[in-house]
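Notes follow the structure.
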Amino acid sequence: MTKFDTISIVGLGYIGLPLAVELACRGHVVYGFDIDQKVVTDTNNATTHYNEPHLSERLLQARASNKLIASNILKPADVFVIAVPTPLIKNSEYEHAPDLTYVRNAIRSISQVLENNNLIILESTVPVGTTDLIKTWLKEENPDFQKVSNSVLETLDIAFCPERILPGDALNELINNDRTVGGITEKAASRAAKFYENFVNGKITTTNARTAEMVKLVENSFRDVNIAFANEISMIASKYDIDVRTLIEMANTHPRVNILQPGPGVGGHCIAIDPWFLVHDNELDSRLIKTARQTNLKKTNWTIRRIEHNIDELSNKNTNNLKICFLGLSYKKNVDDLRESPASKIVEHFSTTLPFDISVIEPHILELPKSFDENVALVRLEDLHNFDLIIKLVDHDCFADLKNIKADTVLDYS
Ligand code: SAJ
């Protein structure tokens, strides 16, 4: 039975909110569930709680159509889509262990409202084998979950469908990307595929849940490994005093070479996290993936050492109280997201080690996070004059034209 009249989206974050909005705009009744009251209130007020191109307009449309309502009480529905975070466990005795607390909490909430013929789709990135465990969790006499009746369990379908949307182009990619759908049974996979056919223009391929889970981890690990290659050659090129961007441009004229761009490290809540899920479960067989992760982490420290060297050189020229401005704090260009951001880590480092105030320009945010020291000032692009040293950390489009800037030295580590 494939009925998708009502859909509960569990988690209204970077993945859940665009999905809820697009489904509502297409006429489905969508219940958005989030434990954060501010997210619920913002959504019902048609205000997005983070910046994503076109999301505000689409949220306004979804709310105006009366098809989307957010709540912190989970409502019964035909389909449940879980889009909650799966971070790494903090201070774990196991290195880089995935934290499935939010997923388990989502299943617990769903277990209280499950009905016959429901479909549960997990979009959160998880270790291989997680989706197959869900039915077991629901069957168990487990204080974490409401005991679900056998008749409901028999008709319940469960699938994993990894999200693939790129922050900054989320609404386009949500609709137009191909999707992989893995079911715990073939029936679950084909039911979930039909759900995505409702709004996805891309090709939908079905498989089992474990394969789909690994597809997601492999996609993000692939990107991490390739960025690590670019970061590694950037550190080698620097020793030879070779401009790495020119080097890569030239190498990429080869028909079978396509090197990515180096940067100050890899940030965000996906590529900097997901490869660890594979490494954690396959320590001995994932050396390349682990080394890539370590290389990308090392690149941030390498950038800090290089900037320290640049500052020392300037200080030797009798500048005791340097005026330094950093450009960019977000984890990548043209977004406001500071999660796992190498640029933020670098600025935080200098705010605690330099004996004078520093400035930072991040046009995508209105105020600095509380974690920043008081000696960091958020200034505007118009204030970018008369600095001794300008250090670009993020390649935002608005930083493209730095020609007219008055500064003794401009360095590009973006
Ligand atoms: N980066 C580089 N050099 C590059 C490209 C990226 O240093 O050539 C850096 C960025 O600056 C950033 C990090 O890598 O710090 C990640 O940025 P990204 O644009 O590569 O990816 P995300 O994290 O924004 O989104 C990724 C995407 N995955 C892939 O491209 C395989 C997206 O499709 C996923 O949906 C998302 O992770 C996710 O949620 O998993």
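The values are calculated or read from the model by the stated rules, or taken from the named source; none is laboratory data. In this text the structure is predicted, and so the values were computed from the model without any measurement. Cβ coordinates were reconstructed from backbone atoms using ideal geometry, including for glycine residues, and neighbour counts include every protein chain displayed. Ligands, DNA and RNA are excluded from the accessible area calculation, which covers all protein heavy atoms including side chains. Shrake-Rupley method; radii C 1.70, N 1.55, O 1.52, S 1.80 Å.
Check off (1) over 20 Å from the mean Cα position of the chain (by Cα); (2) within 25 Å of residue 336 (Cα to Cα) for residue 10 and give me the number that stays unchecked.
Among (1) over 20 Å from the mean Cα position of the chain (by Cα); (2) within 25 Å of residue 336 (Cα to Cα), the lone unmet condition for residue 10 is (1).
Given the options 360, 347, name the one that is part of a helix (DSSP H, G or I) and either within 16 Å of the ligand (Cβ to nearest atom) or touching a residue at least 24 places away in the same chain (Cβ under 8 Å) (or both).
347
Looking at 128, 113, which one is open to solvent by 10 Å² or more (accessible area, probe 1.4 Å), part of a loop (DSSP other than H, G, I, E, B) and closer than 21 Å to residue 189 by Cβ? Please lay out each step first, then the result.
Values: 113 fails: closer than 21 Å to residue 189 by Cβ.
From the options 128, 113, the qualifying one is 128.
Answer with yes or no whether residue 300 is β-branched (Val, Ile, Thr) and without any contact (Cβ under 8 Å) to a residue 60 or more places away in the chain. Give the steps one after another, and end with the answer.
On the way: β-branched (Val, Ile, Thr): yes; without any contact (Cβ under 8 Å) to a residue 60 or more places away in the chain: yes.
Yes; evaluated as a whole, the condition is true for this residue.
Taking residue 106, is it open to solvent by less than 60 Å² (accessible area, probe 1.4 Å) and part of a strand (DSSP E or B)?
Details: open to solvent by less than 60 Å² (accessible area, probe 1.4 Å): yes; part of a strand (DSSP E or B): no.
For residue 106, the condition - open to solvent by less than 60 Å² (accessible area, probe 1.4 Å) and part of a strand (DSSP E or B) - is not met.
Among 258, 301, 310, 296, which is the only one that is within 11 Å of the ligand (Cβ to nearest atom) and in a helix (DSSP H, G or I)?
Numbers: 258 fails: in a helix (DSSP H, G or I); 301 fails: within 11 Å of the ligand (Cβ to nearest atom); 310 fails: within 11 Å of the ligand (Cβ to nearest atom).
Selected residue: 296, the only one of 258, 301, 310, 296 that is within 11 Å of the ligand (Cβ to nearest atom) and in a helix (DSSP H, G or I).
Which numbered condition in (1) touching a residue at least 40 places away in the same chain (Cβ under 8 Å); (2) within 16 Å of the ligand (Cβ to nearest atom); (3) not polar (S, T, N, Q) is the only one that residue 245 fails?
Here residue 245 meets the rest and fails (1).
Could we say that residue 252 is under 18 Å from the mean Cα position of the chain (by Cα) and either closer than 30 Å to residue 391 by Cα or more than 16 Å from the ligand (Cβ to nearest atom) (or both) here?
Values: under 18 Å from the mean Cα position of the chain (by Cα): no; either closer than 30 Å to residue 391 by Cα or more than 16 Å from the ligand (Cβ to nearest atom) (or both): yes.
So residue 252 does not fit the description; no.
Quick test of your reading of the structure: residue 196 fulfils all but one of (1) away from the ligand (no atom under 16 Å from the Cβ); (2) of a type in the set (Phe, Trp, Tyr); (3) touching a Cys at 6+ places or on another chain (Cβ under 8 Å). Name the failing condition by number.
(1)
Take the stretch 294-324 and flag every residue that is under 20 Å from residue 226 (Cα atoms) and either surrounded by fewer than 21 Cβ atoms within 10 Å (Cβ to Cβ) or among the hydroxyl-bearing types (Ser, Thr, Tyr) (or both). Before the answer, list the steps.
Narrowing the stretch 294-324 to residues under 20 Å from residue 226 (Cα atoms): 294-303.
Answer for the stretch 294-324, where residues must be under 20 Å from residue 226 (Cα atoms) and either surrounded by fewer than 21 Cβ atoms within 10 Å (Cβ to Cβ) or among the hydroxyl-bearing types (Ser, Thr, Tyr) (or both): 294, 295, 297, 298, 300, 301, 302, 303.
List every residue pair whose Cβ atoms sit under 9 Å apart, with the two residues 6 or more apart in sequence or on different chains, where the first one lies in the stretch 1-25 and is at negative phi and of a type in the set (S, T, N, Q) and the second, anywhere, is assigned to a helix (DSSP H, G or I) and crowded, with 22+ Cβ neighbours inside 10 Å.
Between residues of the stretch 1-25 that are at negative phi and of a type in the set (S, T, N, Q) and residues that are assigned to a helix (DSSP H, G or I) and crowded, with 22+ Cβ neighbours inside 10 Å, the close pairs are 2/191; 2/195; 8/110.
Is it the case that some residue within the stretch 380-387 is within 16 Å of the ligand (Cβ to nearest atom) and open to solvent by 30 Å² or more (accessible area, probe 1.4 Å)? Spell out how you get there, then give the answer.
Of the residues in the stretch 380-387, the ones within 16 Å of the ligand (Cβ to nearest atom) are none.
No, the stretch 380-387 contains no residue that is within 16 Å of the ligand (Cβ to nearest atom) and open to solvent by 30 Å² or more (accessible area, probe 1.4 Å).
Are there any pairs with C-beta distances below 7 angstrom linking a residue in the stretch 63-91 that is over 22 Å from residue 2 (Cβ atoms) to a residue that is among the polar types (S, T, N, Q) and open to solvent by 60 Å² or more (accessible area, probe 1.4 Å), with the two at least 6 apart or on different chains, and if so which?
72/37
For the stretch 92-103, how many residues meet the condition of being of a type in the set (D, E, K, R) and either buried (at least 22 other Cβ atoms within 10 Å of the Cβ) or touching a residue at least 60 places away in the same chain (Cβ under 8 Å) (or both)?
The qualifying residues number 1.
Sort out which residues of the stretch 59-87 are under 23 Å from the mean Cα position of the chain (by Cα) and buried (at least 17 other Cβ atoms within 10 Å of the Cβ), and write them in order of number.
Within the stretch 59-87, 59, 70, 80, 81, 82, 83, 84, 85, 86 qualify.
Please verify whether the stretch 355-374 includes one or more residues that are at pLDDT 90 or above and basic (Lys, Arg).
no
Just the residues that are touching a strand residue (DSSP E or B) at 6+ places or on another chain (Cβ under 8 Å) and within 16 Å of the ligand (Cβ to nearest atom), please, taken from the stretch 122-172.
Narrowing the stretch 122-172 to residues touching a strand residue (DSSP E or B) at 6+ places or on another chain (Cβ under 8 Å): 122-124, 126-127, 130-131, 134-135, 156-162, 164.
Across the stretch 122-172, the qualifying residues are 122, 123, 124, 126, 127, 130, 160, 161, 162, 164.
Restricting attention to the stretch 325-372, report how many residues are of a type in the set (Val, Ile, Thr) and either farther than 26 Å from residue 53 by Cβ or touching a helix residue (DSSP H, G or I) at 6+ places or on another chain (Cβ under 7 Å) (or both). So that I can check it myself, show each step before the final result.
Restricting attention to the stretch 325-372, the residues satisfying the condition of being of a type in the set (Val, Ile, Thr) are 335, 346-347, 352-353, 358, 360-361, 365.
Going one step further and asking which of them are either farther than 26 Å from residue 53 by Cβ or touching a helix residue (DSSP H, G or I) at 6+ places or on another chain (Cβ under 7 Å) (or both), we end up with 346, 352-353, 358, 360-361.
Result for the stretch 325-372: 6.
Of all the residues that make up the stretch 262-293, how many are more than 13 Å from the ligand (Cβ to nearest atom) and open to solvent by 20 Å² or more (accessible area, probe 1.4 Å)?
Qualifying residue count for the region: 11.
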